[in-house]
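Colleague: Before I ask anything, let me first share the structure, which is written out below as structure tokens.
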Amino acid sequence: MAFPHRPDAPELPDFSMLKRLARDQLIYLLEQLPGKKDLFIEADLMSPLDRIANVSILKQHEVDKLYKVENKPALSSNEQLCFLVRPRIKNMRYIANVSCDEWAFSLLPLDVDLLSMELPEFFRDYFLEGDQRWINTVAQALHLLSTLYGPFPNCYGIGRCAKMAYELWRNLEEEEDGETKGRRPEIGHIFLLDRDVDFVTALCSQVVYEGLVDDTFRIKCGSVDFGPEVTSSDKSLKVLLNAEDKVFNEIRNEHFSNVFGFLSQKARNLQAQYDRRRGMDIKQMKNFVSQELKGLKQEHRLLSLHIGACESIMKKKTKQDFQELIKTEHALLEGFNIRESTSYIEEHIDRQVSPIESLRLMCLLSITENGLIPKDYRSLKTQYLQSYGPEHLLTFSNLRRAGLLTEQAPGDTLTAVESKVSKLVTDKAAGKITDAFSSLAKRSNFRAISKKLNLIPRVDGEYDLKVPRDMAYVFSGAYVPLSCRIIEQVLERRSWQGLDEVVRLLNCSDFAFTDMTKEDKASSESLRLILVVFLGGCTFSEISALRFLGREKGHRFIFLTTAVTNSARLMEAMSEVKA
Amino acid sequence: MDCYTANWNPLGDSAFYRKYELYSMDWDLKEELRDCLVAAAPYGGPIALLRNPWRKEKAASVRPVLDIYSASGMPLASLLWKSGPVVSLGWSAEEELLCVQEDGAVLVYGLHGDFRRHFSMGNEVLQNRVLDARIFHTEFGSGVAILTGAHRFTLSANVGDLKLRRMPEVPGNQVVPTDVPLKQKRWALDRVAHILLAVGPDLYLLDHAACSAVTPPGLAPGVSSFLQMAVSFTYRHLALFTDTGYIWMGTASLKEKLCEFNCNIRAPPKQMVWCSRPRSKERAVVVAWERRLMVVGDAPESIQYPWRLRFVLDEDSYLVPELDGVRIFSRSTHEFLHEVPAASEEIFKIASMAPGALLLEAQKEYEKESQKADEYLREIQELGQLTQAVQQCIEAAGHEHQPDMQKSLLRAASFGKCFLDRFPPDSFVHMCQDLRVLNAVRDYHIGIPLTYRKYRYKQLTIQVLLDRLVLRRLYPLAIQICEYLRLPEVQGVSRILAHWACYKVQQKDVSDEDVARAINQKLGDTPGVSYSDIAARAYGCGRTELAIKLLEYEPRSGEQVPLLLKMKRSKLALSKAIESGDTDLVFTVLLHLKNELNRGDFFMTLRNQPMALSLYRQFCKHQELETLKDLYNQDDNHQELGSFHIRASYAAEERIEGRVAALQTAADAFYKAKNEFAAKATEDQMRLLRLQRRLEDELGGQFLDLSLHDTVTTLILGGHNKRAEQLARDFRIPDKRLWWLKLTALADLEDWEELEKFSKSKKSPIGYLPFVEICMKQHNKYEAKKYASRVGPEQKVKALLLVGDVAQAADVAIEHRNEAELSLVLSHCTGATDGATADKIQRARAQAQKK
């Protein structure tokens, strides 16, 4: 079932080095404060910290107690307090009179092919507030990667942020000239992509296993808390989800409809292996117990966990509602029965199914339809405010600014404005264009792009989800993720050539770039390794789709994201909730 | 070669000591050394002399002169001493001259007599005066220790990071008689800055906390006072000289005696220093009197009869302990006294048959074209010692001072190498390189008499050597050395050029343009050069314009910012910070600007810098909400102003009136922004809030901040149907929503009667399938069935399946001849119970296909 890699697929670089680097630096910082100290950690740094240095390592370096940073004065009996926080204004108000050191931790390897910067707020800060402060962090992370794994001979990117990050990164490289010079590149390509180039994919319901687990249980920093309904005991269990979990590794990229069958097959095999011991003599039995049993037990444990998770997901998702939901999503993606979909969304709102879900559907409708028609725009918003509370007026203002939920503007006048805007945009000094313009600039042309890039596969008969033929399998064969398609096309051409129209439709004419250095030293193996950088987050569906593409072409993709995201996280980032 | 060992003197059986001249000094001293305060830096460092110290001169009418010379006697600086009386001089590890004054002030000078800074050893000293002071070196850096008139010690282990430590009192106080000439320093410091103090016949060890009496093991009896103490260069050993002319030598920990010696000279020696070589078993002390020099050693075989060497001093001399020997300088010469290293001894010892000695001989014969060369060579080869011979020659070359002798040894090594197959070339090549560098810096004009051992063995790296050259402003030589050793640019040439540039900006007589141009011409885009550092130096010298010119050459805009801020060029700093992309920097500049400019100007500046503006907005959101409002006001951004007030109505205001007022302001702003939708929605919210308030007053319960939908639901659940309907009418709740709402609420109440009434009130705008669904959700199949019959034909099958009537569903589907419905029913057929139905469907399908 789980597709094996082609035998000539390149080896992935060892990213655990990043973890060691971060740990050593943290220890170094702790040792700068000799003696006992209390460590205050910001809530969203706790999980990453746990992945890098566990409590016993901290204790070894004289950390006495661990506290969570809260927005109130810190109380501690210890004389030395050490704070580990992201540089945010709201924290620093409570932490005064301190000396600062920087823990240059930026990249957390969540898996063999997935690096996360664990910066979920990047999305809101940049795409909503226009705050560019994390771009420098991205550039530094890229710089770190190139010092560790050699220069990247081929660079591609699309999006304003991608371009800025790329330019900053280049400056850093130039400043520290010589460090990477002469190193053999280990990774042949790097592709930077802004989340706002493709909001559609991120807004869709996920149906590959890993994505579904994320949508249902929320994967946090590479691990998930399975509640009692999954563990079938009265305890919750924190489970690391990565390639080391052999059961998970085989189903993570599978369409959900296949997963259950696979798991039951696996269970049967396991039983057969257990059964082998019946005919054993003592020596064989001894061998079995000492060598195989532990592995089998481990597999058994994992298997029962994932079966539990599947059941729980089925309970939630296989009801009529979910089928209807998926049907509506597919209709939106394909652009038919718009009225019907609109009524569905209206009903969704009227029934108060879920504020986040309703919002997601509205956004999906808006982006695929290039904005809502004025009547719907007003009525849906009114309905939403009535259902979920008037404070969401602010949410709508946010969504409009980010270009996620807009009103269709009369066609002709727009192009004139648009060209004006793009002129403004080219002017480097202009930096960020004003909000009013930017919401216009982010007009979506999804339908036209979809046609150009052939995102909706023509289906002749049933799409066999067991044997996917293209990346669309991650959305049940209905839609090829736009982001992944762009990456595929550019890599195929090794440039943006021939994609001018698409780039224009994406409103990215000034932000699509390629940069190739003549690098004879790049081995053919390295040229089949591609680092994809998602600025603003990527979804597990996109990761699965590109993993599939990699297997097809004999490439390997490596993912660097500001954070792993999904539709709910995106919507929550845009929501205004009462204080 | 017979005379080569003429200056070798045996000390005991196993070691030779030699003394050779480093330089002949023509420094033209006007005074005797004994009349000066003298300080010579280790590692062949500079010599400082302060003539005419106060203690000699009764009337301080003549100002004393401070002279600084290189080790070869080249004058580096000379200045009139205008400050107070100096007690002691000493050099720090960074070659800064520390002058400890009687009042406890320590003045720090550079190598060229440039004043750097000053600090004080504490207020307490002001009254008591400093009696004596010592500069010492530990792993933390260079420290200063003083002895005050109150007989207390104060020390700082690192003058770079000044922390004063007062040492504990010595028991019995007043124990250091003040009349004893200060020259007889009777205290010493060890590795961890503990002080060993001699008081009469007693010794005390002072550490941070306590003062304890100590006794050296095996000390001869009859000592009534100690005249001199010496701690070795590495702080491992201690020597004591008593008033009986007796010398005790042992470990600095005072745990072990190495040897003792009675020299029968009761006169207090002028100086006593250790002279030993790292990794040598030999340990010796050099004791100097006015005209006499004595080397006293401990020869391991004959501890009872230690050996000594005597030298006669022609002139007043001064000893400088070094890592591997002792430097001795006087008016006319500068000499080095050390133990002959093993390799040299092997080769040059008279009648030595060591392989190195034979190889040297062989090479000489070879040059004479004599066949003896072959004989010698064979002899070495037969013993299989050629490798060793080559190594010996290479090593010995390193210990020679004269280039001629270095050359002949290296030539011998090279000659021997020809007959070896695989001799790794590194040691030879490195030795050649090192010697070239060493000979260059030993040159009379440079005057850094480093020995190979000091240079090579961890003590002094090439980096430090380059720093020393830079300190002496010998930039060309430093660059030549870098290029010769092919050091990477960043560590080598660039660094030196940067130092040069920092020196260059101090030349006040050259115009800004010329300096900037000269610096840029030399430095260009050399990697690793920080123009901003150079600019900072220029600014430090008061040359702001030059600093700005230099900053323009700085390619990293971020680096320019701090200095620009310091120079009050904040607006320029802002654009540079933005260019750098470093938001921390932008914040720094913003906060600067905010304090510097008035509000209007500040806002105007922000307007032209959108990135800074958005950052500042972020800042205001957390810190200064009012400012945020002003910002929006200034930009006439009514949309954001509206949002701002909406947010305020939730966060800032508590009272209902306040909230409504905030919402009113918001609504006004939205009208101005031509956002009628938002304005209307806000007005609705104001209405709802007031109403909720009234409901709470009249009905009790929680209504505030519920959504409209939830408000109506709450009313229905509370049985206030009339009110609910009124509300729905007032707020024009669409029919569909109202039906969903009522349906859900009534089912929640399980008020089936009311639900049925409601269903019949008029034709349902949402159909009857939802009724079925919701009844089933409440597990009421009976009620559900009632509504199933009313479901329209399109959804009939679904409804029937929901209530579990598979058979009827099948009938309907067959009737509809709808393929999708048929499969749906089929998927609901389970096991035996629905077997008949399934068959029925299959048959219907087959029939349909036939047609």
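Colleague: Can you name the residue in the range B:731-761 that is within 12 Å of another protein chain (Cβ to nearest Cβ) and assigned to a loop (DSSP other than H, G, I, E, B) and, of all such residues, is surrounded by the fewest Cβ atoms within 10 Å (Cβ to Cβ)?
Modeller: My answer is B:ARG732.
Colleague: Test of understanding: among B:SER764, B:SER823, which residue is free of Cβ contacts under 8 Å to residues at least 12 places away in the same chain and open to solvent by less than 70 Å² (accessible area, probe 1.4 Å)?
Modeller: B:SER823
Colleague: Can you tell me how many residues in the range A:136-160 are touching a Cys at 6+ places or on another chain (Cβ under 6 Å) and free of Cβ contacts under 8 Å to residues at least 60 places away in the same chain?
Modeller: 0
Colleague: So, one more: For the structure I just gave you, tell me whether A:VAL353 is part of a helix (DSSP H, G or I), modelled with pLDDT under 90 and of a type in the set (Val, Ile, Thr).
Modeller: No; evaluated as a whole, the condition is false for this residue.
Colleague: Given the conditions (1) modelled with pLDDT of 55 or more; (2) more than 11 Å from chain B (Cβ to nearest Cβ); (3) open to solvent by 20 Å² or more (accessible area, probe 1.4 Å), report the number of the one that A:LEU372 does not fulfil.
Modeller: Of everything listed in (1) modelled with pLDDT of 55 or more; (2) more than 11 Å from chain B (Cβ to nearest Cβ); (3) open to solvent by 20 Å² or more (accessible area, probe 1.4 Å), A:LEU372 misses just condition (3).
Colleague: Of the residues that make up the range B:652-663, is at least one open to solvent by 40 Å² or more (accessible area, probe 1.4 Å), touching a residue at least 12 places away in the same chain (Cβ under 8 Å) and more than 10 Å from every other protein chain (Cβ to nearest Cβ)?
Modeller: no
Colleague: Kindly indicate whether A:SER387 is within 20 Å of B:THR713 (Cα to Cα), more than 7 Å from chain B (Cβ to nearest Cβ), in a helix (DSSP H, G or I) and modelled with pLDDT of 90 or more.
Modeller: No: the conditions fail for A:SER387.
Colleague: Same structure, new question: Please determine whether any residue of the range B:574-582 is more than 26 Å from the chain's Cα centre (by Cα), open to solvent by 60 Å² or more (accessible area, probe 1.4 Å), of a type in the set (D, E, K, R) and within 23 Å of A:GLU167 (Cβ to Cβ).
Modeller: Within the range B:574-582, one or more residues are more than 26 Å from the chain's Cα centre (by Cα), open to solvent by 60 Å² or more (accessible area, probe 1.4 Å), of a type in the set (D, E, K, R) and within 23 Å of A:GLU167 (Cβ to Cβ).
Colleague: While we're on this one: Is there a residue in the range B:492-501 that is touching a Gly at 6+ places or on another chain (Cβ under 7 Å) and either open to solvent by less than 50 Å² (accessible area, probe 1.4 Å) or touching a residue at least 40 places away in the same chain (Cβ under 8 Å) (or both)?
Modeller: Yes.
Colleague: Right, next: Quick one: which of B:PHE419, B:PHE415 is surrounded by 14 or more Cβ atoms within 10 Å (Cβ to Cβ), out of contact with any Gly (no Cβ under 8 Å at 6 or more places or on another chain) and part of a loop (DSSP other than H, G, I, E, B)?
Modeller: That would be B:PHE419, the only listed residue that is surrounded by 14 or more Cβ atoms within 10 Å (Cβ to Cβ), out of contact with any Gly (no Cβ under 8 Å at 6 or more places or on another chain) and part of a loop (DSSP other than H, G, I, E, B).
Colleague: Looking for something buried (at least 21 other Cβ atoms within 10 Å of the Cβ) and more than 21 Å from the chain's Cα centre (by Cα) - is there at least one such residue anywhere in the range A:525-543?
Modeller: yes
Matching residues to (1) modelled with pLDDT under 90; (2) touching an Asp or Glu at 6+ places or on another chain (Cβ under 9 Å); (3) among the charged types (D, E, K, R); (4) open to solvent by less than 20 Å² (accessible area, probe 1.4 Å):
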residue: B:ASP443; (1), (2), (3), (4): yes, no, yes, no
residue: B:GLY447; (1), (2), (3), (4): yes, no, no, yes
residue: B:TYR475; (1), (2), (3), (4): yes, no, no, no
residue: B:LEU487; (1), (2), (3), (4): yes, no, no, no
residue: B:VAL490; (1), (2), (3), (4): yes, no, no, no
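Matching residues to (1) touching a Cys at 6+ places or on another chain (Cβ under 9 Å); (2) not small (Gly, Ala, Ser):
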{"position": "B:GLU513", "(1), (2)": "no, yes"}
{"position": "B:ASN520", "(1), (2)": "no, yes"}
{"position": "B:SER532", "(1), (2)": "no, no"}
{"position": "B:ARG537", "(1), (2)": "yes, yes"}
{"position": "B:GLY542", "(1), (2)": "no, no"}
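Colleague: Can I ask one more? Count, please, the residues in the range A:115-140 that happen to be aliphatic (A, V, I, L, M), within 21 Å of A:ALA22 (Cβ to Cβ) and within 11 Å of chain B (Cβ to nearest Cβ).
Modeller: 3
Colleague: Moving on to the next point. Any residue in the range B:312-326 that's farther than 23 Å from B:GLU282 by Cβ and in a strand (DSSP E or B): show its pairings with residues that are open to solvent by 10 Å² or more (accessible area, probe 1.4 Å) and small (Gly, Ala, Ser) at Cβ separation under 9 Å, as long as the two are six or more apart or on different chains.
Modeller: What qualifies is B:TYR318/B:ALA40.
Colleague: Filter the range B:100-130 for residues that are surrounded by fewer than 21 Cβ atoms within 10 Å (Cβ to Cβ), touching a residue at least 40 places away in the same chain (Cβ under 8 Å) and in a strand (DSSP E or B) and give the result.
Modeller: Selection gives B:VAL108, B:PHE119.
Colleague: Right, here's the next one. Could you tell me which of the residues B:ALA809, B:ALA788, B:ALA784 is surrounded by 15 or more Cβ atoms within 10 Å (Cβ to Cβ), without any contact (Cβ under 8 Å) to a residue 24 or more places away in the chain and in contact with a His (Cβ under 8 Å, 6 or more places away or on another chain)?
Modeller: Criteria check complete, one pass: B:ALA809.
Colleague: For the range B:15-47, name all the residues that are within 18 Å of B:ILE446 (Cβ to Cβ) and buried (at least 16 other Cβ atoms within 10 Å of the Cβ).
Modeller: B:LEU22, B:TYR23, B:MET25, B:TRP27, B:ALA40, B:ALA41, B:PRO42, B:TYR43, B:GLY44, B:GLY45, B:PRO46, B:ILE47
Colleague: Follow-up. Go through the range B:516-616 and tell me which helices (runs of 4 or more DSSP H), entirely inside it, have 2 or more residues that are closer than 27 Å to A:GLN140 by Cα and within 14 Å of chain A (Cβ to nearest Cβ).
Modeller: B:531-540, B:557-566, B:570-580, B:583-596
Colleague: For the range A:177-187, indicate whether the set of residues that are open to solvent by 10 Å² or more (accessible area, probe 1.4 Å), part of a helix (DSSP H, G or I) and within 14 Å of another protein chain (Cβ to nearest Cβ) is non-empty.
Modeller: The answer is no; no qualifying residue exists.
Colleague: Between A:ILE313, A:ILE282, which is open to solvent by 80 Å² or more (accessible area, probe 1.4 Å) and aliphatic (A, V, I, L, M)?
Modeller: A:ILE282
Colleague: Which ones in the range A:323-356 are in contact (Cβ under 8 Å) with a residue 60 or more places away in the chain and either more than 14 Å from chain B (Cβ to nearest Cβ) or open to solvent by less than 50 Å² (accessible area, probe 1.4 Å) (or both)?
Modeller: Those that are in contact (Cβ under 8 Å) with a residue 60 or more places away in the chain and either more than 14 Å from chain B (Cβ to nearest Cβ) or open to solvent by less than 50 Å² (accessible area, probe 1.4 Å) (or both): A:LEU325, A:ILE326, A:GLU329, A:HIS330, A:LEU333, A:GLU334, A:GLY335, A:ILE356.
The values are calculated or read from the model by the stated rules, or taken from the named source; none is laboratory data. Just so you know, these numbers come straight off a predicted model, no measurement behind them. Neighbour counts are summed over all protein chains in view; Cβ atoms, including those assigned to glycine, are modelled from backbone coordinates with ideal geometry. Side chains are part of the model used for accessible areas, which takes the heavy atoms of the whole protein and leaves out ligands, DNA and RNA. Shrake-Rupley method; radii C 1.70, N 1.55, O 1.52, S 1.80 Å.
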